[in-house]
Every structure is written in structure tokens, then in C-alpha cells.
Amino acid sequence: MMIAVPIIIIILLITTSSWIEPVLFLLTIGISVVINMGTNIFFKDISFITQAISPILQLAVSLDYAIFLLGSFERFKKETDDINEAMALAIKRSTPTILASASTTLFGFVALLFMRFRIGADLGIILVKGIALSFICVIVFLPALTLLSYKLIDKTRHKIIIPQFKNIGKHTIKLKLIVLILVTLLIFPAFQAQKKNIFLYGLGSELSDSIRSGKDTRKINDEFGNSTPIVLLVPKGNLSHEKDLAALLEQERNVTSVISYSSMVDNAIPIDFLDDSIINQFYSENYSRIIINTNTTSEGPEAFKLVERVNSLTNTYYGDDFYSLGISVNLYDIKTVVEKDTPVINTIAIISIALILLITFKSLILPILLILTIETSIWINLSIPYFTGTPLCYIGYLVISTVQLGATVDYAILLTDHYLHNRKTQPKKEAIITTLSESANSIFVSGFILASAGFSLGFISSDQIISELGILLGRGTLLSMTLVILFLPATLVLFDKLIFKTRINKNKEVNHV
């Protein structure tokens, strides 16, 4: 927060026309963040990952709502001298846009609730609650705060420092054919590459040099060799099964030793002859313990293959009536669970957001174009670790797939909404040029705020999962922003006729020139 908030303030100061407006934005969303984090007390507990990233994500994602409302208020102030009426009109005009934006973000986070791996569901429910609270604060609290301080806003007016990108549409439209060809060529390789990443399933790994613990673990392993024990708890009472299983396990390639009662003590010696201190190391009331020392890393193809082999051999003697324990076993279980989560939550996120877009634009083709734009940016984002040979935490891969979609589809909604409005009076080429001139600044402001929040998490956090999530979010936001500015306008122009032919309640004012 100490890094991200000052950056966000600077972005807001140079992109707004009053020194006070950024204070109102941050105060409104800041209050919703504090309420959200405070209401977490009603849960038994929350993940430390959720605690670390949800406040900054909520702040960055929902600042748009406050910007939309205050921007609308400024426009209506020019049309009426009654400040209260201007605010009432602003709320009425901006609420549908804010609601659509909040809904897509919210349902992107709702998809996380369906993860069986509970970190995702934990993060999802806190962010869903946060988005709802941000929406309420913007619609209820910000208008009251603005009406109390509008005179101060007017007194602290200044020129907008950054350029307004008024000619960006003319330059972008010239590149539409090149952009369409380039992105079309990238879609399939990016989609395939992002599925073939080297995935990590733990909170940190010796396979990664990105954090101190990973480097230290590698040094220790280089000096002394890897040592990852697997512990089996099998039903007590059948010494011959224990001995046969231990003998088979010792023959496995990556097993260095097997420690069990049957392998350490001659079976001919009755258990009653031994001291309890020895027996208790191997037996509980119902189970016998077998310790398998291995030379694999804690995770990776070799470690997971050995876990599968150990479980398979044990199943031969004991069926499903046994437990396997250890860090490699735990990570194998996580891998099994989260890989099944991926298609489920991605499908839920895409379908729910597509339905919101269908209701918002009343078009069958627009949801496809908007989601394709953002999904392509997600695939490119997640393919970069594959091409650079960098291991990627699977939790980051899984979460960012929905978070980036839910958080950045707003840019596509804003641009498309402006385009449909401008097409009522302009041919498609002029309409897209006007649209880009009108919406580019808002998209850049929102995108840079979210990207700066992500990169702050990425470069500051010492936790590997949080750091990777931040980097993925920052990079993904910039990619989404780029494709919305360059690729989406080209697709809107290319499919213009199809868009209006497939619209429900077609607008007769559309200029088809």
C-alpha cells in the first residue's frame, strides 16, 4: 500500500482536472476497503494471501466506478445550475455503466468460489464482498461527499497534465489490418504455450530462483543432495505384507531407504519382547508407519511419478485403506485438485460475463468479440513464462485467468459502449476514431492504476505466490489495455454489419454508411 497508493495518487493527479478529486476517489474506495477488511471478522479465518492482495486489488479495480460518477457529474454541471439536480442526473446516467462494470468484475471473482482448492474460494468471497461494498460506497457515499465539497473542487481546478490522446483514433485505424493479422497469428501459439508451462504447486520451491528461500534450498541440495521423505500409514497387523511392500519400495529408482518395523526388526522376534519406546516409533493403536526416504525434489514430474508409484504399490496390498503423507504427497494432491478446478472456473467466468455482456449490449456477437479480446491478452500473458522457461505457480495461473478477465473486460465495455453510441450518427470508420478519442484516456488511466497495483505487489512481496500474482496482473493489465485500444477497434469495424444484424431490438438510428 505504501508503494501503490502514492503511484495511484500521482496517476490521478496528472489525469484529473482538480487537486481534490483524487482525494475523493481514494477516500470513497478506501472506506469500502476498510469496511471489507473489517467485516472479515465474521469469517473463522482467511488466507494470508487473501489478506495481502485483496485490499490493493479492490482499490485498483473499483476506482473506475468513482471516476465514472464524478466525470458524469462534471458534464451535467454544465447543463444545469442546480447542483443537486446535476448529481441526481449523474447518478441516473452513470449507474448502469458502473453496474455493468461492477457486475463483470464481480462475476469474474464469483467463479473463484467454485474452486475446490479453498485459497481461491477464500480470495473470491472477499473480493466479491469488496466489489459490492465499493459499488454501494460510490453510489451512496461519494455523491454526498461531492455535494459537500464541490466548491473546493472548483477552486482547485488545474489543467490536465498528460495529453488527451485526441488523435489516437486516426493513427490506430491505419494499423487495423496489421493488428488483426498479428493477433490472429499469436492466438493459437499463445493458447497452446500457456497450457505447457512448468507449474509449481507449493508456496515456494527449490525449482525457483525468484526468492531467497528457493536459492538457499538449491544450495543445500547441491551440497548434500535432495531428501524428501514419504510416510505411509498402513493397517496394523500383517507383518508379511509390510515386509513385502518395503522390499518393493526399496527397489524403486528414487528411493534411498525404507524404514519400517519389518525392515528394522526380524519378524521372528515377538513385539512383546521389545521396549515400548521402540514399538511406538512404528505402531499406533490401528496403524503401522513406513518411512520412505527419497532423493527427489519436493515437486516436479519425477517426484509426482514416484508418489503415484508408491500409492499404486501400497494399493496392491491394502486397497484404499492407507494414508500417504509428506510434502511431495501434499503437493501432488494440490496438483490433482487445482488442475480439475481450471476448466470449471474458467467456464463459469466466461459464461457469466458473456451473459452480462449479452444483457448489456443486446447483441449475440459482441460478447464473443469482447471476451476474445481479453482472453487473447490472458493467453499471451500466461505464455510468456513458457517461452522464457520460468516456472509458474499454478495458483497464480489459475487465479489470474479469472481476475484479469473480470477486471479488464471493463475497458472493452467502455470502448464498445462509446462505439455503439457514435454509430447512431457516424459511419463506422469515423465512429471508431471518435470512440478512441473519447475513451482512450479513461482506459489508460484505469489500466495504469491497476497495472501499478499489480507491479507493486510483484516487486515488493517476498512471498512467491503473491509476487507472481502481482507480476501477472500488472503485465496482463497492460496487455488487455493494448489489445482493447488496438485489436478490439479493428474487430468492431470488421464485424460492424454482423454486430447490428445480430442485435436484439435493433436501433434504427444506426448509420450504415
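General observations
- The chain, relative contact order [Cα under 8 Å, separation at least 6], %: 22
- Helices in the chain, meaning DSSP H runs of at least 4 residues, each add -39500 (n - 2.57). Divided by all residues, the mean residue ellipticity at 222 nm is -23500 deg cm²/dmol.
- Residues whose amide H comes within less than 5 Å of that of Leu392, counting only those at least five positions distant or on another chain, are Ile198, Phe199, Leu200 (H built at 1.01 Å from N in the peptide plane).
- For Tyr287, the residues whose amide H sits under 5 Å from its own are Lys236, ignoring neighbours fewer than 5 places away on the same chain, with H placed 1.01 Å from N.
- Per-residue SASA entry for Thr434, accessible area with 1.4 Å probe, Å² rounded to 10: 40
- GluC sites (Glu not before Pro) restricted to the range 43-145 and DSSP loop, no more than 11 other C-beta within 10 Å: Glu79
- For the range 482-490, the Karplus equation 6.51 cos²θ - 1.76 cosθ + 1.60, evaluated at θ = phi - 60°, returns couplings of 5, 5, 5, 6, 9, 7, 4, x, 5 Hz by residue, with Gly and Pro reported as x.
- Percent of Cα pairs exceeding the 24 Å cut-off, where the set is the range 312-448: 50
- Long-range Cα-Cα pairs in the chain (distance over 35 Å), rounded percent: 45
- Per-residue 3J(HN,Hα) values for the range 407-422, derived from phi via the Karplus relation 6.51 cos²θ - 1.76 cosθ + 1.60 with θ = phi - 60°, read 7, 9, 5, 4, 4, 5, 5, 4, 5, 5, 4, 5, 5, 4, 5, 6 Hz in sequence order (x marks Gly and Pro).
- Tail weight of P(r) past 16 Å, computed on alpha-carbon pairs of the range 409-451, percent: 34
- Using C-alpha pairs under 8 Å with a sequence gap of at least 6, the mean separation divided by the residue count of the range 270-332 gives a relative contact order of 28 percent.
- Annotation note: trypsin sites (Lys or Arg not before Pro) in the range 24-132 located in DSSP loop regions with a Cβ neighbour count of at most 13 within 10 Å are Lys44, Lys78, Arg116.
- Simple Cβ-charge dipole of the chain, Lys/Arg +1 and Asp/Glu -1, about Cα centre, in debye nearest 20: 3180
- Only lysines eight or more places from Lys155 in sequence, or on another chain, were considered; those with a Cα closer than 28 Å are Lys77, Lys78, Lys92, Lys166.
- Ligands, DNA and RNA aside, His418 has an accessible area near 50 Å² when probed at 1.4 Å.
- Residues Phe387, Phe487 ordered from highest to lowest accessible area at a 1.4 Å probe: Phe387, Phe487.
- For the range 306-369: rounded, prolate or oblate by the Cα gyration tensor [a/c cutoff 1.5]: prolate
- Derived scalar couplings ³J(HN,Hα) [the range 466-477; Karplus, 6.51 cos²θ - 1.76 cosθ + 1.60; whole Hz; x for Gly, Pro]: 5, 4, 5, 4, x, 4, 4, 5, x, 5, x, 4
The values are calculated or read from the model by the stated rules, or taken from the named source; none is laboratory data. Model, not experiment: these values are computed from the prediction. Using ideal geometry, Cβ is built from the backbone for each residue, glycine included, and neighbour counts are taken over all protein chains shown. These accessible areas exclude ligands, DNA and RNA; they are computed on the full protein's heavy atoms, side chains included. Shrake-Rupley method; radii C 1.70, N 1.55, O 1.52, S 1.80 Å.
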